[in-house]
Amino acid sequence: MSSLSKLNPLNSMNLRQKTILLIGLIVLLLVLVYASSLSIDPANILTDFTLRNQPPSFEHLFGTDWLGRDMLTRTIKGLGLSIFIGAVASILSSILAIIMAFISSVNKYGDVLIAWLIDFFASIPHLLLLIMISICLGKGAMGVIIGVACTHWTSLARVLRVEIKEIQTSEYVQLSEKFGKNKFWIAKEHILILVITQVIVGTLLIFPHAIMHEASITFLGFGLSPHEPAIGIILSESMSYLTTGAWWLAVFPGVMLLIIVLLFDILGEEVEKLLDPTKAQK
Amino acid sequence: MDKKYIIGGVVALIAIIAIAAFAMSGTSTVRAENELAMAVSNHGGEPEAGFDPLTGWATGTEPLIQSTIFKHDGNGSLVNDLATGYTISGDGKTIDVELREGVKFTDDTPLTAEDVAFTYNTAKETGVTNLDALDKAEAVDDTHVKFVLSDVDSSFVHRLASVGIVPSDSYNNETYGENPVGSGPYKLAQWDKGQQAIFEINENYYGKKPYYEKITNLFMEPDAAFAAAQKGDVDIVEVPLSYANETVEGMHQVIYPSLDVRYIGLPVNTETTNEDGIIIGNNVTADPAIREAINVGINRSAMVDGAYNGLGNVSYVGTSKLLPWSSDYTIEDGNVEEAKRILAAGGWTDTNGDGIVEKDGQTASFDIDYSSSDSTRQAVALQFSEQVKEFGIEATPNGKTWDEMDTTKFNQPIVWGGGSADPHQLYNFYDSEVAANEYSNPAAYNNTAVDALISAAMANPNLESSYATWSQVEPAAAPDVPYVWIGTLDYLMFVSDSVDMSDDTHTIYPHGGDIWGNVYDWTSTNATAS
């Protein structure tokens, strides 16, 4: 046993190295999924009516659907779309959150306004707001992205607001103020640097939510046309064929979605470990 | 974001599998032998405004609760229902219908000519079917009703088969839908909105009484309906064509041909904006070379095999071969080389090597919209898009709701569906009078020769001999390709082995089907055996 464990390179690594390795692997996997989805031209996901509703086989690992389209390529394409929407939406919502948090730090009125806005957005169920926003902006990926971005900034904004308040009361910030540094300089040099960890981890943790909500909204039929490969659409379409025994239409895309979401979640946690030393000791 | 999501995901997965397993397990409900449970849509499923023919219940099909003046038989010919005969005046402007005597509504009041006149005059106002040609309907005496037309239209007689007759004395447009009173073979016993309607036999019905005394129609989505069939909860279920390869224990497939054709409108004019801000015309399809190339280039039989799952017949015109006024017009299609030649001759060439042809800076590219809730139309749109790409035309499929398509229907090609047993539909397809009007003539087609043929057919006071003129309309219009006809659909049902739907006597199926058209002849196989 002891000789075997010495052979295992993992055992010679410290926690930090292991964390970096894990992060690297996850990022590689996600990049791989996204890159392969980019290489698929949706115009090439062709119908083939001789291959309708085929169960999984070596030729079609995920089986085929009612139009004879290969479900593996459709699923990968759908996941790529999910990752893209997730990425854009979570970056947008982080930017929103940062802006909101800084506005709240300007003065008392800004703070009241932002606190009210956070409560307002947090009190409406995400999905409802998401549906309304994406309908208002017209259908399509754009509506979904803006919709997700506008609904997911609240938790990060709340964390940042408290964090910034804490920093603002610290002595060196007050010292800077006394020295006549303007608010923008303080925000840039003192505050932003300290909250950047929160922002990175927060963005990564919005990701899984964004993907889940993208899947839910396309599942409900808002956003994209029913022939386009989005995970939610694939899953809702599979419902019609479950009764005929086509289990593969739901199971594989569903499991893949679950895996992607979990990967992002783990990624967020590991990055947090790396950036926040107090977390790493736990 | 923690363990609860993992657990949630696993729970969702298990739930899906459990639902599927539950749906496939069989526990059947026991029904009496002369009771039927169905899940059929009969065009649109649950009537939103209730079972009121004046708000659209069963227009052109068997209304079950009400009677109609005429009915269509399996050949598209008119047969008497309430009528015992009719005459058209020499100038073609008056139609006299003689009615059956002694017919009673389910509230025991007699059905007279006054009720018929009231029904048609009101239907003209509510616009459930095209009654523009009707000036007014008048009761001459109890059994004679006179239809006075403002324009000569012999095909108007067909519209006397499309509206169920309601009682003039007690009709109230607010309550009738929920409490319909009619003289049909059944009466509405119960309507659970969103779930089911129960029809019970009308003991006073004047005609042949159906064998089944109680019919329950469940309003279900196709997958739920199919699951119900598997469980044995329903005896007859209507499903989309994508279910053609399925089997259900204890049930057999019943497949009927129909007049219901799928077609793609190709706007014939260049784009202009009307006073409502609606764009009429399409700059790509306005070029005849594009329309002709599509017409000969697409492979209709591949579409019928593919998108229709093999259940249908190719069409080169909009009138089904089942109808007396059909034509023999046909073309050679599936010819990609010929399509390319037509495009090249029309000046369309691929200058930038992207596989799509261009002309004068205009790329041969347009959207093809389909109703996102209709799987067959989705399949047609996708297959059409793949086929036209082979000869250099880009048609991008777009799933939309009908509300969304209302604003684009005269601009973008749409996968349409339609088909009626009334030759007047040719007027709606081609006549310039109704160009880009509601759902009529979406291609805004305008051809004086075709208009003249339609007017001549309508002006012929003899309905039978007018069919010969009607049959010339489509061969005259088809070379301009305002529409690319794909094919007529078959209607697919799973029917319990204990039900005999009398396959020989089913009526002609218009758009939406007419499953109850021969409900009078249905029996139980157990009943005939005993």
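The values are calculated or read from the model by the stated rules, or taken from the named source; none is laboratory data. Small disclaimer: the values here were computed from a predicted structure and weren't measured. Cβ sites come from the backbone with ideal geometry, for glycine too, and all protein chains shown count toward neighbours. All accessible areas refer to the heavy atoms of the entire protein, side chains included, with ligands and DNA or RNA removed. Shrake-Rupley method; radii C 1.70, N 1.55, O 1.52, S 1.80 Å.
Looking at B:Asp153, B:Asp96, B:Asp142, which one is touching a residue at least 60 places away in the same chain (Cβ under 8 Å) and either more than 16 Å from B:Asp422 (Cβ to Cβ) or open to solvent by less than 60 Å² (accessible area, probe 1.4 Å) (or both)? Even if it seems obvious, please write down each step before you answer.
Details: B:Asp96 fails: touching a residue at least 60 places away in the same chain (Cβ under 8 Å); B:Asp142 fails: touching a residue at least 60 places away in the same chain (Cβ under 8 Å).
Within the list B:Asp153, B:Asp96, B:Asp142, the selection yields B:Asp153.
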Exercise for review: Looking only at the stretch A:252-261, count how many residues are of a type in the set (A, V, I, L, M, F, W, C), free of Cβ contacts under 8 Å to residues at least 40 places away in the same chain and facing chain B (nearest Cβ under 8 Å).
Suggested key: 2
Check your understanding: Hey, does the stretch A:66-75 have a residue that's away from every other protein chain (no Cβ under 14 Å), within 25 Å of A:Ile206 (Cα to Cα) and modelled with pLDDT of 90 or more?
Key -> yes
Practice item. Check B:Gly361, B:Gly346, B:Gly399 and return the single one that is in contact with a helix residue (DSSP H, G or I) (Cβ under 7 Å, 6 or more places away or on another chain), in the same structural domain as B:Ala289 (by TED's automatic domain parsing) and without any contact (Cβ under 8 Å) to a residue 40 or more places away in the chain. Key: B:Gly399
Review point. Out of the residues in the stretch A:170-185 that are hydrophobic (A, V, I, L, M, F, W, C) and open to solvent by 20 Å² or more (accessible area, probe 1.4 Å), which is farthest from the chain's Cα centre (by Cα)?
Key: A:Phe179
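Tell me the strands (runs of 3 or more DSSP E) entirely within the stretch B:356-428 that contain at least 2 residues that are of a type in the set (S, T, N, Q).
On the way: elements: B:365-371, B:394-400, B:415-418.
The strands (runs of 3 or more DSSP E) meeting that bar are B:365-371, B:394-400.
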Exercise for review: Looking only at the stretch A:218-231, decide whether some residue is within 13 Å of chain B (Cβ to nearest Cβ), part of a helix (DSSP H, G or I) and open to solvent by 10 Å² or more (accessible area, probe 1.4 Å).
Suggested key: yes
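Residues are listed down the side, and each one gets a yes or a no for (1) touching a helix residue (DSSP H, G or I) at 6+ places or on another chain (Cβ under 9 Å); (2) open to solvent by 20 Å² or more (accessible area, probe 1.4 Å):
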| residue | (1), (2) |
| --- | --- |
| B:Asp431 | yes, no |
| B:Val434 | yes, no |
| B:Asp451 | yes, yes |
| B:Pro461 | no, yes |
Review point. Scanning the stretch B:239-251 for residues that are surrounded by fewer than 23 Cβ atoms within 10 Å (Cβ to Cβ) and either in contact with a strand residue (DSSP E or B) (Cβ under 9 Å, 6 or more places away or on another chain) or hydrophobic (A, V, I, L, M, F, W, C) (or both), which turns out nearest to the other protein chains (Cβ to nearest Cβ)?
Key: B:Glu246
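May I ask you to list the residues in the stretch B:375-396 that are without any contact (Cβ under 8 Å) to a residue 40 or more places away in the chain and facing chain A (nearest Cβ under 10 Å)?
Taking the stretch B:375-396 as the starting set, the residues that turn out to be without any contact (Cβ under 8 Å) to a residue 40 or more places away in the chain are B:378, B:381, B:385-386, B:389, B:394-396.
Selection gives B:Gln378, B:Ala381, B:Ser385, B:Glu386, B:Lys389, B:Glu394, B:Thr396.
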Check your understanding: Going by the structure shown, is A:Leu262 modelled with pLDDT of 90 or more, within 25 Å of A:Asp276 (Cα to Cα), under 29 Å from the mean Cα position of the chain (by Cα) and open to solvent by less than 50 Å² (accessible area, probe 1.4 Å)?
Key -> yes
Practice item. Please report, ordered by residue number, the helices (runs of 4 or more DSSP H) entirely within the stretch B:429-530 with at least 1 residues that are of a type in the set (Phe, Trp, Tyr). Key: B:463-477
Practice item. Could you figure out which of (1) away from chain B (no Cβ under 14 Å); (2) open to solvent by 80 Å² or more (accessible area, probe 1.4 Å); (3) modelled with pLDDT of 85 or more isn't true of A:Lys188? Key: (3)
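May I ask you to verify whether A:Thr278 is open to solvent by 10 Å² or more (accessible area, probe 1.4 Å), hydroxyl-bearing (Ser, Thr, Tyr) and outside any helix (DSSP H, G or I)?
Details: open to solvent by 10 Å² or more (accessible area, probe 1.4 Å): yes; hydroxyl-bearing (Ser, Thr, Tyr): yes; outside any helix (DSSP H, G or I): no.
So A:Thr278 fails the test.
Of everything in the stretch A:241-251 that's within 11 Å of another protein chain (Cβ to nearest Cβ) and touching a residue at least 12 places away in the same chain (Cβ under 8 Å), which residue is most open to solvent (accessible area, probe 1.4 Å)? Give the derivation first.
Taking the stretch A:241-251 and keeping what is within 11 Å of another protein chain (Cβ to nearest Cβ), we get A:241-247, A:249-251.
Among the residues that remain, those that are also touching a residue at least 12 places away in the same chain (Cβ under 8 Å) are: A:241, A:244, A:246, A:249-250.
Details: A:Tyr241: 12, A:Thr244: 31, A:Ala246: 3, A:Leu249: 6, A:Ala250: 6 Å².
The extreme case among them is A:Thr244.
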Exercise for review: Give the residue, chosen from B:Tyr445, B:Tyr483, that is farther than 30 Å from B:Asn309 by Cβ, open to solvent by less than 20 Å² (accessible area, probe 1.4 Å) and touching a residue at least 40 places away in the same chain (Cβ under 8 Å).
Suggested key: B:Tyr445
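Listed here are the residues, each with its yes/no results for (1) part of a strand (DSSP E or B); (2) surrounded by 16 or more Cβ atoms within 10 Å (Cβ to Cβ); (3) assigned by TED's automatic domain parsing to the domain that holds B:Val79.
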site	(1), (2), (3)
B:Glu114	no, yes, yes
B:Thr122	no, yes, yes
B:Ala137	yes, yes, yes
B:Val166	no, yes, no
B:Asn173	no, no, no
Review point. Can you spot a residue in the stretch B:449-456 that is in contact with a strand residue (DSSP E or B) (Cβ under 8 Å, 6 or more places away or on another chain) and not hydrophobic (A, V, I, L, M, F, W, C)?
Key: no
Exercise for review: Using the structure shown, decide if B:Thr408 is β-branched (Val, Ile, Thr) and either without any contact (Cβ under 8 Å) to a residue 60 or more places away in the chain or at positive phi (or both).
Suggested key: no
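For the stretch A:51-71, name all the residues that are assigned to a helix (DSSP H, G or I) and free of Cβ contacts under 8 Å to residues at least 24 places away in the same chain.
Filtering the stretch A:51-71 for residues assigned to a helix (DSSP H, G or I) gives A:51, A:71.
The one that is assigned to a helix (DSSP H, G or I) and free of Cβ contacts under 8 Å to residues at least 24 places away in the same chain: A:Leu51.
Residue by residue, here is whether (1) of a type outside the set (A, V, I, L, M, F, W, C); (2) surrounded by fewer than 18 Cβ atoms within 10 Å (Cβ to Cβ); (3) at pLDDT 95 or above holds:
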{"position": "B:Ile298", "(1), (2), (3)": "no, no, yes"}
{"position": "B:Gly310", "(1), (2), (3)": "yes, yes, no"}
{"position": "B:Lys321", "(1), (2), (3)": "yes, yes, no"}
{"position": "B:Ser326", "(1), (2), (3)": "yes, no, no"}
{"position": "B:Glu332", "(1), (2), (3)": "yes, yes, no"}
{"position": "B:Ala339", "(1), (2), (3)": "no, no, yes"}
{"position": "B:Gly353", "(1), (2), (3)": "yes, yes, no"}
{"position": "B:Gly361", "(1), (2), (3)": "yes, yes, no"}
